[in-house]
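The values are calculated or read from the model by the stated rules, or taken from the named source; none is laboratory data. These numbers come from a predicted model, not from an experiment. With ideal geometry, Cβ positions are generated from the backbone for all residues, glycine too; neighbour counts draw on all protein chains shown. Surface accessibility is based on the protein's heavy atoms, side chains included, excluding ligands, DNA and RNA. Shrake-Rupley method; radii C 1.70, N 1.55, O 1.52, S 1.80 Å.
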Amino acid sequence: MREKAASLANSPVYDVGGVDTLVVGPKRACAMLGIGTTRLYALLAASELDSYLEGSGRRITTASIVAYVQRRLTGAPPPRQNPRKPPIRQREPSAPIPIGPT
């Protein structure tokens, strides 16, 4: 699998569904990665994939899709689930409340 991803990265154009292309739409990108649109747009928001708007349509570069898969294969840590949401702060434990007469 790693050899195939490495060989894809060396070619400038990728065969996607029988068509040589440099960019794909969101539906095709989801199919290539095996993910849903929510996860795809989370990857785009986290700058894990490169994209641009062509008119009103979003286009995602196949090179960034291949690079993302290569990063995942090499064991790079996954991005946070929601990059806009700050991490949850842990509350400090409070003192126990005494029960009964003291």
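A few comments on the model shown:
- Here the label points at GLU54 and THR21, each 7 Å from Cα along the C-beta direction, are separated by 0.8 nm in the simple model.
- Accessible area in the full protein assembly, largest first, 1.4 Å probe, for ARG39, ARG72: ARG72, ARG39
- Full extension of the chain between ILE35 and ARG72 gives 11.9 nm of extra length, using 0.36 nm per residue less the Cα-Cα distance.
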